[in-house]
Amino acid sequence: MPIVKHSESTAVKALRQTIVFLLVLAGGGYLLITYVPEARSFAAQTGLLDRLGIEITPEASAAPSADRRRGGGPVLVVTEPVAEENLADRITAIGDGRAKRSVTVRSNAVGVITDLSLPEGGKVSAGSVIAMLEDEAEEIALQAAQLQLDNAQTEQSRVARLQNTGAVSEVRLREVELALRRAELALRQAEFDLAQRRITAPITGWVGITDIEVGDRVSAQDVLATLTDRSEILIDFRVPERIVGKLELGQEITVTPLGLRDIELTGEVSTIDSVIDRGSRTLRVRGRVPNPEDLLRAGMAFSVTLSFAGAPLLSVPPLAVQWDSEGAFVWAVQEGVARRVSIEIAQRNSGSVLVRSDGIHPGEAVVTEGVQSLREGAEVRATNRAGSAETDAARRAEDTL
């Protein structure tokens, strides 16, 4: 029994200490919220005042700030004007890049490669000879065809002279003329066969990796190399059908290679498909991006962004947007006093926030610095951002008094 009494006494003592601690903590929190503006502003924005049922009178709320401002002078704030911007409808898609032109070079005939001018990774010009096949038989055939043509021309000239004397019939004259024509065609065929032994580049482009060497025997239509003209990169991507009516040829696009995130390029829409895919409800679009520095390659993946101008909206600085239990708002300076104006955020940009509101208009000032000391109807002394350094110095001087 004595042990039990000792245990109960210890529990009661611990409970009493806990209650005292909680009371002190609650009282300290109440005083902090009541008399410290920063704490009060934080509690109001997070909705803590409403949940705790604490109501701060305007007099109590303004008292500390008034003391700091030497008897209730205007609050020093930094403002910026409300602007107007168009709501941007942005579409971002992933696309695959390919070269402006890509040609697979194939052998024209059967034969052994005797000469090869394909610098792997290098560039060749259109019309230049990139490979030669053995052509001795074709050279012989060309010489034979030339001899046959010379003989046919001689015979045709002789028969023509005789025909003028009446010693040769009209039929004989026609025979030698046909023989001359056949010899001319045979020569052209021999020249063509010889030309087929020389393989030329169809376009100016870059040579890929090849698997052929001098001495290899190739057949007709065997692949020798692939030439790519990557002076421009074509990017195929898809957009949702809801923006089809907004697309235009020549429309600007912003392109970022997924493997080179620090590079941002500008191109244009070059081709718009005519049919929407029924399965995905998207439309195929092709963009064109210049590649003067040869940084891009066919096969790369790209992030493509298209922007469309929307309806005009109010634009405020990001620092002007505040939050409390009722939602987003800004402090507007109207006739020298602060007014809390509710806003609806439509779009966030890097340097501005597009909002909808009936309480502010383009050109009006909104507070970007000094919002912690503001309340509805408080007098303010506003300066623009250029004078914010002077305002900060003045506020620090007042805080020391």
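Derivation of every value follows stated rules applied to the coordinates shown; laboratory data play no part. Keep in mind that what you see is a predicted model, and the values were worked out from it rather than measured. Every residue, glycine as well, gets a Cβ built from its backbone with ideal geometry; the counts of neighbours run over all protein chains shown.
Here is how the numbers come out for the structure above:
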quantity: Ranked by how many other beta carbons lie within 10 Å on average, peptides 296-302, 311-317 from highest; calculated: 311-317, 296-302
quantity: Hits among aspartates and glutamates - C-alpha to C-alpha of LYS246 under 12 Å, sequence gap 8 or more where chains match; calculated: ASP89
quantity: Computed Rg/Rh of the stretch 107-224, alpha carbon atoms with Kirkwood Rh; calculated: 1.25
quantity: ASP262/SER342 FRET efficiency (R0 45 Å; Cβ-Cβ; nearest 0.05); calculated: 0.65
quantity: Where labels lie 7 Å past Cα in the beta-carbon direction, separation of THR104 and ASP358 in nm; calculated: 6.7
quantity: Extension reserve of the ILE272-ALA144 stretch, reckoned as 0.36 nm per residue once the Cα distance is removed; calculated: 40.5 nm
quantity: Qualifying GluC sites (Glu not before Pro) for the stretch 203-245 [loop in DSSP, other Cβ within 10 Å: at most 11]; calculated: GLU213
quantity: Calculated FRET value between ILE94 and ALA311, using beta carbons and R₀ = 30 Å, to 0.05; calculated: 0.60
quantity: Euclidean distance of C-alpha centroids, the stretch 78-147 and the stretch 268-342, integer Å; calculated: 36
quantity: Segments 106-117, 169-180 sorted - mean Cβ within 10 Å per residue, highest first; calculated: 106-117, 169-180
quantity: Unit charges on C-beta of K, R, D, E only; dipole of the stretch 140-287, Debye; calculated: 480
